[in-house]
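Worksheet for the structure shown next.
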Amino acid sequence: MQSEAAVSKFDIEVDGRLVPAEPGQTIAAALIGAGIMVFRHTPAGAARGIFCGMGVCFDCLVTVDGLAEQRACMTLVQRGMRVQTRSAEGD
């Protein structure tokens, strides 16, 4: 018999890869849980990921379902969500 928590888990798509997520979790939490620590690169090539964790900085910006510049630390995961991290070329 599966627990309720196991049944409620789902995957989100991140850069074409499936990443496990749970209801109530932020995109940043799901990415970190999957071992993804870099969400974007600056034009100079510096890696950026979670920094403040409360929506104040711009380090965790990602594109969510085609909507650019969403803060991964503040955006809750949803079933079927597609997330794109940003590369130096996209900044």
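Read the figures in this text as sums done on the coordinates, not as results from a lab. All values reported here derive from a predicted model rather than from experimental measurement. Backbone-built Cβ (ideal geometry, glycine too); neighbour counts: all protein chains shown.
Here is the figure for segment 23-37: residues that are surrounded by 14 or more Cβ atoms within 10 Å (Cβ to Cβ) and either closer than 13 Å to Met74 by Cβ or in contact (Cβ under 8 Å) with a residue 40 or more places away in the chain (or both) total 8. Residues in segment 36-67 that are in a loop (DSSP other than H, G, I, E, B), more than 19 Å from Arg82 (Cβ to Cβ) and out of contact with any Cys (no Cβ under 8 Å at 6 or more places or on another chain): Met37, Thr42, Pro43, Ala44, Gly45, Ala46, Val56, Cys57, Phe58.
A quick yes/no check of all residues on (1) of a type outside the set (D, E, K, R); (2) closer than 14 Å to Val19 by Cα:
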| site | (1), (2) |
| --- | --- |
| Leu31 | yes, yes |
| Ala34 | yes, yes |
| Arg40 | no, no |
| Arg48 | no, no |
| Thr63 | yes, no |
| Gln70 | yes, no |
| Val83 | yes, yes |
